[in-house]
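Inspection log for the structure reproduced underneath, given as structure tokens.
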Amino acid sequence: MASLFRRRNGVWYIVHQNAGRRRWISTGERCYGRALRLFRDSTPTRTEGRRRSTLLRLAEEVVHYSETNFAPATTIIYRSAFERLVESAGDKLVALVTVRDVEEFKRRRSEKVSRVTINKELRTLRSGFNLGRELGYANDNPFKSARLLRVPEIEPEHLSIDEFQRLLVVIDDPDTATLVEFAVLTMLRRSEIVNLKWEDVDLARRVVHIKNRAEFTVKGMKPRPVPLSERAICILVTRTRDGCYVFPGADGKRLNGGSLSRRFKKYARKCGLPDGIHFHSLRHTGASWLVQSGVPLYSVQKILGHSSPLVTQIYSHLAEEHLREAVERIGGLTLNPHHAGERRDIHLN
């Protein structure tokens, strides 16, 4: 049973009563005529009912779709983003969600979380409403033109060789020290390391294969081979193969990623590394060393498994010294025979 009711704020609500419980759905209208039309059109048929769904109903359908088609982590992101939207806009009809609601969502979230997090939620909700349109639960997407917040570029934290050596010295657990060194040498993500199995290791071809499994999904769902250096191969050859995981936990099962990160952070603080250094910094460290040694960004992109070269551009500034050395090689050539043997002192102000 449903009825139309106006609250003190002047907005008309559709009130559903079931087994003594009431559910209030805002029409977003202060005009009785428009609110009545929304009320009459709210549940005439099953199809129209889908079109007149509320945000919670849309969220439920999007999450269900994600559970079937996407990685578990993606589902968590969808669920969280819609929960934050409902907190901001209320459980209003999807058809009544406007650009104003989007801007209010941005304003409220900016009081609690970073701009990076807000942009992530905006992209998630844009995708969620697109899914809603495909599933018949939304006619429009108010997030399609939402402007992302400007975020200043931040260079990824990485360790110098001296800092890394200091870190290894303070790690009193040999197994952890080996894992940390392997992380820098391969630039694997934490999830990729803790899920790495011996069946993924191909010593003959000097690669490890990062692949999807029932219990683990590679970021972007794109498997990739990762080449192994001589030192990385040495680490693998000398490890005891107890169980299926290359770096197992104490019980022989898969190592807990959160526990690994906390253990790493303890050692990082012990040797006085900056607070911004965490386990993922090892991946940045290996990539930074490659770029500084002259490896092309395209090659670094393939090793890291970045879907776009734009992501790898965060390391481009590290290649400046290498590029400077390259142009100096041209500058050292005697191109003009009239200047042979001539030396000029250049003074830079």
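Residue 159 versus (1) at pLDDT 95 or above; (2) among the hydrophobic types (A, V, I, L, M, F, W, C); (3) closer than 29 Å to residue 234 by Cα: which is the lone unmet condition?
Against the list (1) at pLDDT 95 or above; (2) among the hydrophobic types (A, V, I, L, M, F, W, C); (3) closer than 29 Å to residue 234 by Cα, residue 159 comes up short only on (1).
Just one of 102, 113 is modelled with pLDDT under 95, among the aliphatic types (A, V, I, L, M), closer than 29 Å to residue 220 by Cα and out of contact with any helix residue (DSSP H, G or I) (no Cβ under 7 Å at 6 or more places or on another chain); which is it? Show your work before the answer.
Details: 102 fails: modelled with pLDDT under 95.
One residue alone meets the criteria, 113.
Against the conditions (1) closer than 20 Å to residue 306 by Cα; (2) surrounded by 11 or more Cβ atoms within 10 Å (Cβ to Cβ); (3) touching a residue at least 40 places away in the same chain (Cβ under 8 Å), where does residue 221 fall short? Just the number, please.
Against the list (1) closer than 20 Å to residue 306 by Cα; (2) surrounded by 11 or more Cβ atoms within 10 Å (Cβ to Cβ); (3) touching a residue at least 40 places away in the same chain (Cβ under 8 Å), residue 221 comes up short only on (2).
Anything in region 209-218 that is among the basic types (Lys, Arg) and exposed (fewer than 14 other Cβ atoms within 10 Å of the Cβ)? List them, or say none. Give the derivation first.
Filtering region 209-218 down to residues among the basic types (Lys, Arg) leaves 211, 213.
If the condition is that a residue be among the basic types (Lys, Arg) and exposed (fewer than 14 other Cβ atoms within 10 Å of the Cβ), then 213 is the only one that fits.
From the list 168, 188, 203, 179, which residue is without any contact (Cβ under 8 Å) to a residue 60 or more places away in the chain, assigned by TED's automatic domain parsing to the domain that holds residue 282 and closer than 27 Å to residue 270 by Cα?
The match here is 168.
Being of a type in the set (Val, Ile, Thr), in a loop (DSSP other than H, G, I, E, B) and surrounded by fewer than 11 Cβ atoms within 10 Å (Cβ to Cβ), is that true of even one residue in region 231-253? Let's see the steps before the verdict.
Restricting attention to region 231-253, the residues satisfying the condition of being of a type in the set (Val, Ile, Thr) are 233, 235, 237-238, 240, 246.
Cutting the leftovers down to in a loop (DSSP other than H, G, I, E, B) gives us 238, 240, 246.
Applying the additional criterion that residues be surrounded by fewer than 11 Cβ atoms within 10 Å (Cβ to Cβ) yields 238, 240.
Looking for residues that are of a type in the set (Val, Ile, Thr), in a loop (DSSP other than H, G, I, E, B) and surrounded by fewer than 11 Cβ atoms within 10 Å (Cβ to Cβ), one finds at least one in region 231-253, hence yes.
Taking region 229-266 as the region of interest, how many residues are free of Cβ contacts under 8 Å to residues at least 24 places away in the same chain, among the polar types (S, T, N, Q) and under 20 Å from residue 216 (Cβ atoms)?
Within region 229-266, the first condition is being free of Cβ contacts under 8 Å to residues at least 24 places away in the same chain, and the residues that meet it are 230, 234, 238, 240, 242-243, 248-253, 258-259, 262, 265-266.
So of that shortlist, the ones also among the polar types (S, T, N, Q) come out as 238, 240, 259.
In the following step, the residues that additionally are under 20 Å from residue 216 (Cβ atoms) were identified as 259.
Residues meeting the conditions: 1.
Across region 143-188, what is the number of residues that are of a type outside the set (A, V, I, L, M, F, W, C) and surrounded by 20 or more Cβ atoms within 10 Å (Cβ to Cβ)? Walk me through it before giving the result.
Just the residues of region 143-188 that are of a type outside the set (A, V, I, L, M, F, W, C), to begin with: 144-145, 147, 150, 152-153, 155-158, 160, 162-163, 165-166, 172-176, 178, 181, 186.
Now drop any that are not surrounded by 20 or more Cβ atoms within 10 Å (Cβ to Cβ), which leaves 158, 186.
Matching residues across region 143-188 total 2.
The values are calculated or read from the model by the stated rules, or taken from the named source; none is laboratory data. Given the structure is predicted, the values throughout are model-derived calculations rather than measurements. Cβ: placed from backbone, ideal geometry, glycine included. Neighbour counts: every protein chain shown.
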